[in-house]
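Below: the structure, in structure tokens.
The values are calculated or read from the model by the stated rules, or taken from the named source; none is laboratory data. The structure presented is a predicted model; accordingly, all values stated were derived computationally and were not measured. Backbone-built Cβ (ideal geometry, glycine too); neighbour counts: all protein chains shown.
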Amino acid sequence: MDITSGQADMILLFCFILPCFLIFITSKSGRSPPQVSAVPPGPPRLPIIGNVHLIGKNPHRSFADLSKMYGPVMSLKLGFLNSVVISSRDAAREVLRTHDQILSARYLNAAVQSNNHHDFSVAWLHPTSTRWRMLRKLSATQLFSPQRIEATKALRMKRAQELVNFISECSEREEAVDISRASFVTALNIVSNILFSVNLGSYDSKNSNVFQELMTGVMEALGNPDFANFFPIMRFLDLQGNSKKMKDYSERLFQVFRELYNARIVENSSRTGEKDVSSSDFVDALIDLHEREQPEINNNEIEHLLLDLFAAGTDTTSSTVEWALAELLRTPKTMTKVQDEINHVIGENGVIQESDISELPYLQAVVKETFRLHPAAPLLLPRKAEADVDVLGFLVPKNTQVLVNAWAIGRDPNAWENPNSFEPERFLGKDMDVKGKDYELTPFGSGRRLCPGMPLAVKTVPLMLASLLYSFDWKLPNSVNSEDLDMDETFGLTLHKTIPLHAVPLMKRAISIN
């Protein structure tokens, strides 16, 4: 008798479930008496799968709903993976500050291990490792120090002007702009110029779409719920393909980095005389460290560091700009208010300067409100307890995965009035920022795991948004009403708008094309 593919899948599933069930029964019978300390409450668990069936396609939302029933420190059993989900400001403070040292290790999922990214990535390495300290120091001194941020200001301004020029051309053609793509190209070119002094993106090129698809693919592979993480015995099967996607997408990106890196080596070797130090960029610093008599960085570290930098500097930035404009299009009064502020500060026929942002408190409030409602990494990156630890009176056992639901904390009615409404006014006159000290608003994380690229992001996002709002009015295509604008999300390590925002720019003033 022939066996269909569906029957074969059922047989495979049964062969997996039976031994797991036997292991479950055996472990139940030999389990030691419960500890005195209380583990966090959580939903009832099914045999073997535990709470996997409760995750859904948007885990940040599912966890937020469950936390309303089981509290801000909630325990979940995801197959064989013990997890605790943090959903309040006070609990986040315990994790991100009070017990930062014990909880700063990463839980390493199957996808991040598929190409050994966890061995070379500043985002995933253990913060006590020598390699992590070296990479973190390199990023801080060569890219994100106040001096380097100031030195690259003109570069960001030029890329923002290129964005305005592109949109003005679309406006002349009365053509809707794909905000996701346009903002990604801008963010990509800002990062690629800081690193390699080249534009990797073009508003008219399909190559930019490919780069965006690769970056988005990496983020989704790293963040998607994966049976391989819940049932380690299934990792080799890679049933959902996340490990394969991670390896494929990252290798294609590594190839781009290698070509740029090798081209710079050839360029430097052909140059007569010494290069002007003031014109050196990040890749020159990497080459210098790599070619020393005793190299301080190797090829693997370089490639994985560049993957981190491009992922953190492109995908998250462009997504935040897109969410911000979408929210403004849904609330016309807020759009008018922020544009009036920009017009008042800049005047007619001016150019947005990065230094103007500090004079635009309502624009800054719009950006903060966007980070609150749409944090780029809704669950931050997963942490792991390296010892038993008490969080708000509950025991978080050693080796437990700890997820901080920044999305839920940003919508917690105990911390925010009208938490689901887009109201930038809530930040006016308040000394609250996104730099990791206010635990109800931590889109970049906090403590030793604070995103090293945060200083660049808080410059780039408001500059891009202000540039879009100063030069243009915006409307949705004729078939879309503001109240009907789709705001569905696609979950990954970062949160994207499922349907990219398309909006029609209406030119308010003459644009100076440089």
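Below, the figures for the structure above:
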{"read-out": "Where a residue in region 195-208 is closer than 26 Å to ALA285 by Cβ and of a type in the set (S, T, N, Q) and its partner, wherever it lies, is surrounded by fewer than 14 Cβ atoms within 10 Å (Cβ to Cβ) and at pLDDT below 95, with Cβ under 9 Å and at least six apart", "value": "SER197/SER279"}
{"read-out": "Those residues of region 294-326 which are of a type outside the set (A, V, I, L, M, F, W, C), touching a helix residue (DSSP H, G or I) at 6+ places or on another chain (Cβ under 8 Å), farther than 21 Å from ALA160 by Cα and surrounded by 17 or more Cβ atoms within 10 Å (Cβ to Cβ), in sequence order", "value": "GLU301, GLU303, HIS304"}
{"read-out": "Pairs, first closer than 29 Å to GLU174 by Cβ and in contact (Cβ under 8 Å) with a residue 12 or more places away in the chain in region 487-509, second part of a loop (DSSP other than H, G, I, E, B) and among the small types (Gly, Ala, Ser), C-beta under 7 Å, six or more apart", "value": "HIS502/ALA176; ALA503/ALA176; VAL504/ALA176"}
{"read-out": "Selection from region 221-265 of residues that are more than 25 Å from LEU200 (Cα to Cα) and of a type in the set (Ser, Thr, Tyr)", "value": "SER243"}
{"read-out": "Residues located in region 97-107, provided they are in contact with a strand residue (DSSP E or B) (Cβ under 8 Å, 6 or more places away or on another chain) and of a type outside the set (Ser, Thr, Tyr)", "value": "HIS99, ILE102, LEU103, ALA105, ARG106"}
{"read-out": "Out of LEU463, LEU469, sole residue that is buried (at least 17 other Cβ atoms within 10 Å of the Cβ), more than 22 Å from the chain's Cα centre (by Cα) and closer than 24 Å to THR316 by Cβ", "value": "LEU469"}
{"read-out": "Set GLU291, GLU267, GLU251: member being under 26 Å from the mean Cα position of the chain (by Cα) and loosely packed, with under 13 Cβ neighbours inside 10 Å", "value": "GLU251"}
{"read-out": "Residue ranges of strands (runs of 3 or more DSSP E) in region 384-436 with at least 3 members closer than 23 Å to LYS337 by Cα", "value": "none"}
{"read-out": "Cβ pairs under 8 Å, 6+ apart, first in region 156-176 and farther than 14 Å from MET464 by Cβ, second surrounded by fewer than 16 Cβ atoms within 10 Å (Cβ to Cβ)", "value": "SER168/MET507; SER168/ILE513; SER171/LEU506; SER171/MET507; GLU172/MET507; ALA176/PRO477; ALA176/HIS502"}
